[in-house]
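Q: Here it is, the structure, as structure tokens.
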Amino acid sequence: MRKTFSKYGAPLAMASVLALALSACSGGSSSGGGGGGGGDASSNLDGRGPITYVQGKDNSNVVRPLVDKWNAAHPDQKVTFKEQSDSADQQHDDLVQHFQGKDTNYDVVDVDVIWTAEFAAKGWLQPLKDKLAFDTSAMLPATVKTATYSGTLYAAPQTSDGGLLYYRKDLVPNPPKTWDEMMSMCSIAKQNNIGCYAGQFQKYEGLTVNASEAINTFGGKIVDDSGKAAVNSSDAKTGLGKLVDAFKSGNIPAEAITYKEEDSRTAFQDGKLLFLRNWPYVYSIASKTDGSSKVADKFGIAPLPGKSGPGASSLGGHNVAMSVYSKNKATALDFMKFMTSQETETFYATQGSLAPVLSSLYSDQTLVQKLPYLPTLLTSIQNAVPRPVTPFYPAVTKAVEDNAYAALKGDKTVDQAVADMQSAIEAAK
Ligand code: GLC
């Protein structure tokens with residue numbers, strides 16, 4: 001059966017898909033579970049007491065200080081921080097396992113922007129309405145969209161993410177504007193005996209991000225505006241082909257096939273790469289002057305290089321959501337407000353160079369002076385392409401990852417990989 005997915009909201013077109021989504025949503029918002037098998041969204045709304053916050057590895061060291069601050073002010077509603085691994089896939093699977101087990105201890109969870117539809121459709125996320133309403137009016141619209149499913153807000157935008165090009169400004173005074181220009185600068189990397197370019201190419205969510213960026217940058221699409229798989233096009237082949245060629249020529253070093261965000265950050269800050277595609281969090285870690293970074297004062301930040309101008313980032317980011325199974329939902333909501341307040345958003349930016357979701361912070365002159373890349377980041381986020389919005393996202397991302405990986409390894413031609421990607425997205429359920 002063919003499924004269609006919208007980039008912007010609920011699944012469109014196929015009545016059966018829509019029916020599933022709707023029944024699942026009502027399961028999440030009425031008592032007793034319903035179609036999605038979720039928990040009781042009408043109970044424990046006034047519950048207060050200790051809660052647990054679950055998030056992936058705190059690479060930027062922002063969560064612990066925030067939790068300490070909250071705990072000092074709320075001795076009867078203490079938060080325990082459960083830190084997951086630093087891999088998006090493992091974080092996802094851990095959450096799924098605990099939701100399936102109806103765990104009452106996973107009160108507030110960090111939800112990657114791509115999981116909202118799946119978790120909401122399953123009835124695992126507490127809708128943020130009525131008594132638990134959450135005000136998103138000051139937030140970047142693109143981030144609010146990532147927290148919304150079928151017209152209901154299921155999470156609070158926490159940090160956004162847009163891809164950036166980190167480059168060695170001591171070796172390349174003017175960063176490349178296009179992909180081909182960047183490739184032509186790889187001779188500089190050779191002369192300096194370092195790798196030229198890396199992103200994230202291990203077979204996991206980060207590869208979907210990078211492959212989609214290559215495809216979107218060259219005019220292709222993973223799904224079209226109506227949500228249908230649309231990747232089998234010559235533009236998509238050109239985009240994926242650029243990554244494949246770069247691996248073949250060595251412009252992307254062979255070991256980058258094992259890279260996730262942290263491996264690629266480490267390679268760059270150890271001075272082993274001329275160019276790196278990564279998220280904004282890298283800025284604060286790579287610019288540390290305690291000796292941990294060999295490039296602390298030697299790198300600049302530019303937009304991702306594109307076809308003839310800036311490239312298209314995948315829209316990343318993380319939202320905080322409340323589990324329907326939580327017993328202390330009033331505390332959970334207060335904690336979510338605290339984790340997304342203006343003060344906390346400023347802290348994310350200054351302490352961890354994470355992308356704020358509050359629009360006003362991008363034009364806050366004190367902040368921009370401290371973090372000069374903020375305007376570049378805002379442009380990246382505003383022009384970023386969302387990954388497909390669908391309750392069947394795990395199957396869609398697998399279709400992209402598996403086939404992109406096979407192409408990068410040379411196990412499939414680009415044509416075959418893109419054709420297989422298309423049929424696997426169509427079959428996703
Ligand atoms: C970052 C992004 C997230 C993305 C992940 C992939 O954490 O914010 O959206 O899915 O990287 O590894």
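The values are calculated or read from the model by the stated rules, or taken from the named source; none is laboratory data. These figures come from a predicted structure and were not determined experimentally. Note that we place each Cβ from the backbone using ideal geometry, even for glycine, and neighbour counts take in every protein chain shown.
Q: Scan the stretch 291-321 residue by residue and report those that are within 14 Å of the ligand (Cβ to nearest atom) and at positive phi.
A: If the condition is that a residue be within 14 Å of the ligand (Cβ to nearest atom) and at positive phi, then GLY317 is the only one that fits.
Q: Within the stretch 348-429, considering only helices (runs of 4 or more DSSP H) that don't extend past its boundaries, which have at least 1 residues that are buried (at least 22 other Cβ atoms within 10 Å of the Cβ)?
A: Passing ranges, in order: 374-382, 393-408, 414-426.
Q: Pairs please, first residue from the stretch 365-385 and small (Gly, Ala, Ser), second anywhere and in a helix (DSSP H, G or I), Cβ atoms under 8 Å, 6+ apart in sequence or on different chains.
A: ALA384/ALA142
Q: With the structure loaded, tell me whether ASP94 is surrounded by fewer than 19 Cβ atoms within 10 Å (Cβ to Cβ), within 18 Å of THR397 (Cβ to Cβ), in contact with a strand residue (DSSP E or B) (Cβ under 9 Å, 6 or more places away or on another chain) and not assigned by TED's automatic domain parsing to the domain that holds GLN202 or whether it fails that test. Working first, answer last.
A: Values: surrounded by fewer than 19 Cβ atoms within 10 Å (Cβ to Cβ): yes; within 18 Å of THR397 (Cβ to Cβ): yes; in contact with a strand residue (DSSP E or B) (Cβ under 9 Å, 6 or more places away or on another chain): yes; not assigned by TED's automatic domain parsing to the domain that holds GLN202: yes.
Answer is yes for this residue.
Q: A further question follows. Could you check the stretch 169-195 and list, in sequence order, the residues that are surrounded by 22 or more Cβ atoms within 10 Å (Cβ to Cβ) and assigned to a strand (DSSP E or B)?
A: GLY195
Q: Of the residues in the stretch 279-302, how many are closer than 14 Å to ARG168 by Cα, in contact with a Gly (Cβ under 8 Å, 6 or more places away or on another chain) and of a type outside the set (D, E, K, R)?
A: 1
Q: Could you check how many residues of the stretch 189-213 are within 11 Å of the ligand (Cβ to nearest atom) and in contact with a Lys or Arg (Cβ under 8 Å, 6 or more places away or on another chain)?
A: Within the stretch 189-213, the first condition is being within 11 Å of the ligand (Cβ to nearest atom), and the residues that meet it are 199-200, 202, 204-210, 212.
After this cut, where a residue has to be in contact with a Lys or Arg (Cβ under 8 Å, 6 or more places away or on another chain) as well, the list is 199-200, 202, 204, 206, 208-210, 212.
Here the count works out to 9.
Q: Hey, among the residues in the stretch 110-138 that are touching a Leu at 6+ places or on another chain (Cβ under 6 Å) and farther than 17 Å from VAL389 by Cα, which one's surrounded by the fewest Cβ atoms within 10 Å (Cβ to Cβ)? Step through it out loud before you land on a result.
A: Let us first name the residues in the stretch 110-138 that are touching a Leu at 6+ places or on another chain (Cβ under 6 Å), namely 119, 128, 131-132, 134, 138.
If we keep only those that are farther than 17 Å from VAL389 by Cα too, we end up with 128, 131-132, 134, 138.
Working: LEU128: 22, LYS131: 11, LEU132: 17, PHE134: 20, ALA138: 13.
Filtering the stretch 110-138 for residues that are touching a Leu at 6+ places or on another chain (Cβ under 6 Å) and farther than 17 Å from VAL389 by Cα, the one surrounded by the fewest Cβ atoms within 10 Å (Cβ to Cβ) comes out as LYS131.
Q: Hey, among ASP161, ASP235, which residue is among the acidic types (Asp, Glu), within 16 Å of the ligand (Cβ to nearest atom), modelled with pLDDT of 95 or more and touching a Phe, Trp or Tyr at 6+ places or on another chain (Cβ under 6 Å)? Outline the logic, then answer.
A: Numbers: ASP235 fails: within 16 Å of the ligand (Cβ to nearest atom).
Exactly one of ASP161, ASP235 is among the acidic types (Asp, Glu), within 16 Å of the ligand (Cβ to nearest atom), modelled with pLDDT of 95 or more and touching a Phe, Trp or Tyr at 6+ places or on another chain (Cβ under 6 Å), namely ASP161.
Q: I'm trying to understand the selection: among the residues of the stretch 196-223, which are under 24 Å from ASP270 (Cβ atoms), part of a loop (DSSP other than H, G, I, E, B) and not hydrophobic (A, V, I, L, M, F, W, C)?
A: Answer for the stretch 196-223, where residues must be under 24 Å from ASP270 (Cβ atoms), part of a loop (DSSP other than H, G, I, E, B) and not hydrophobic (A, V, I, L, M, F, W, C): GLY199, GLN200, GLN202, LYS203, TYR204.
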